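Read through the structure below, which is laid out as structure tokens, and then see the notes.
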Amino acid sequence: MKLKTISFIVLVLIAIVGGFVVLRNCSDSCADDAFVVGTVSGYAPFVSINEDGEYVGFDIDVAQALADRLGKKLVINDLGSMTSLFIALEQGKIDAIIWGLSITQERLNKVAMICYQGEAVVTYPLMFWKRIPDGVTSIEDMQGRTVCVEPASSQDAVLSNYSFIQKNPTEKVDDALLAIQYGKADAAFVEPAIAKKFKNKCSDIVILDVPLAPKDQVQGIGIAINRKNIDLTERVKCAVSALQDASTIKMYEEKWGIA
Amino acid sequence: MNLFSYAALLLRGTWITLASWAFAGILSMLVGTLLGILGCKHFMSGRFAILVKCYTFIAKGIPAYVQILIVYFVIPSLLNIQVSGFVAASSALAFCSSGYVAEIVRAGMNAISQGQWDACYVLGYPLYPTLTRIMLPQAFRMILPAVCGELEQLLKSTSLLATIGVIELTRTGMNIISRELNPLSVYSMLACIYLLLSAFLQIGAWYVERRFNYDYR
């Protein structure tokens, strides 16, 4: 009897906690006055979690400023990976993706993208540990070597042009750093802002700039919005312009060291 | 890097890991035990047998990661509901684990001799007390190590919550790494915390085994 009572109490508790979590999540992200932003933490300086467990970073500041401009409450939805972000955007779980996403032609074909940071990127950094291997002066010299790259990223798309390079898919740039540090890969192909941050923090990193073909060149970093959401796209465009005019974004760039 | 400044964050991550483990573990044990009973040879001819077989086949056959993605993205979309990452991922882990628990319980139930079922029948014991007072305690004693192993496996599987953005222990570590750029010490620390949690689980298992006289039957 005692066991039955305990089991019943446990079941009721699970139902209450589960229901509470479901409802709370729903009330946060379903509200009309919410601006639900999809992102992935662990991508400092763009998005990370501070010592107090709060989301911080350049993208979080931009998202908050945008939500304020739109007159909505910001809801951050951490989705863990780029694949999850695009699924959630397609399903309407989130209004926008703000996660240091490069604006590429491939992405522009799928979603609306509004540039909010950076200028056209014509080179991507190839990161090495301690030294660039002998005889490597360009990406063409990387034949047979292994390069870490985040799956579905713009760097991944560029690397696909070089079939002679062996790709090592790493979801996190930190894992890529670990891979090159311990000789699991020869190099890592990452975002310029991330490479800059790594280089500033770790003197052992050496960078080789890889020129991009015109079709791979990136037009800055953008906010991704579902193409069907025309109204929101227009409003976000206006809000981004206003933030740029007020030098708010520039201020955040300086704050997070990505200027 | 001062990892002590992240102690509160790591504690929170540990708490979420443990909450997910408890949620998934309790659900998995309840569902797995029920299905294990229904799937044992005594009830094999029952109409639930095929359903139980299908359930365990699906639960064990699909990788936990894929199950998490299905529960988080596909099912809410089909049912037009919102489910938090924590509930979705924990439920998916519970589903996956319950398939294994069902098989473990079935093995335990099958190990009990038919004579005991017959004796209960002859003595006029109703089914419910037969199960809860005679069969399950014996089966449970036999399957204890396997169940504890499954629970330990479940604890480590909670790191999959990170894939849909739940800030559990592993994801907390990833966040610290992205800020401090010191993967070696952070991953080592994560390993130590997981080891510590596993150690507590082992101690609990050892205590239960002693209580049920597992090694002294």
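Evaluating B:G36 against the criteria (1) more than 30 Å from B:I176 (Cβ to Cβ); (2) of a type outside the set (A, V, I, L, M); (3) open to solvent by 40 Å² or more (accessible area, probe 1.4 Å) leaves one unmet condition, (3). If you filter the stretch B:1-22 down to residues that are of a type in the set (A, V, I, L, M) and farther than 11 Å from B:G173 by Cβ, you find that the one that is farthest from the chain's Cα centre (by Cα) is B:M1. With respect to B:A7, determine if the residue is open to solvent by less than 70 Å² (accessible area, probe 1.4 Å) and either away from every other protein chain (no Cβ under 14 Å) or under 13 Å from B:L154 (Cβ atoms) (or both). The answer is no for B:A7.
For the stretch A:36-117, the helices (runs of 4 or more DSSP H) that sit wholly inside it and include 2 or more residues that are buried (at least 20 other Cβ atoms within 10 Å of the Cβ) and within 14 Å of chain B (Cβ to nearest Cβ) are A:58-70, A:82-91. Picking from residues in the stretch A:136-165 that are without any contact (Cβ under 8 Å) to a residue 60 or more places away in the chain and within 19 Å of the chain's Cα centre (by Cα), the one that is surrounded by the fewest Cβ atoms within 10 Å (Cβ to Cβ) is A:D156.
Taking A:I249, is it more than 22 Å from A:W99 (Cα to Cα) and of a type in the set (A, V, I, L, M)? Don't jump to the end; show me each part of the working.
Values: more than 22 Å from A:W99 (Cα to Cα): no; of a type in the set (A, V, I, L, M): yes.
In short, no.
When restricted to residues that are open to solvent by less than 60 Å² (accessible area, probe 1.4 Å), within 13 Å of chain B (Cβ to nearest Cβ) and assigned to a loop (DSSP other than H, G, I, E, B), the stretch A:175-197 contains 2.
Considering every residue within the stretch B:99-119, establish whether at least one is on the phi > 0 side of the Ramachandran plot, more than 14 Å from chain A (Cβ to nearest Cβ) and not in a helix (DSSP H, G or I). Checked the stretch B:99-119: no residue is on the phi > 0 side of the Ramachandran plot, more than 14 Å from chain A (Cβ to nearest Cβ) and not in a helix (DSSP H, G or I).
Set side by side, the residues A:N168, A:N200, A:N226 differ, and just one is open to solvent by 50 Å² or more (accessible area, probe 1.4 Å) and either under 26 Å from B:M174 (Cα atoms) or touching a helix residue (DSSP H, G or I) at 6+ places or on another chain (Cβ under 8 Å) (or both), which is A:N200. In this structure, does B:I70 turn out to be farther than 28 Å from B:Q138 by Cβ, of a type in the set (A, V, I, L, M) and not in a helix (DSSP H, G or I)? No: the conditions fail for B:I70.
The values are calculated or read from the model by the stated rules, or taken from the named source; none is laboratory data. It should be emphasised that the depicted structure is a prediction, and the values quoted were computed from it without experimental measurement. For neighbour counting, all protein chains shown are included, and Cβ atoms are generated from backbone atoms with ideal geometry for every residue, glycine included. Side chains included, ligands, DNA and RNA excluded: accessible areas come from the protein's heavy atoms. Shrake-Rupley method; radii C 1.70, N 1.55, O 1.52, S 1.80 Å.
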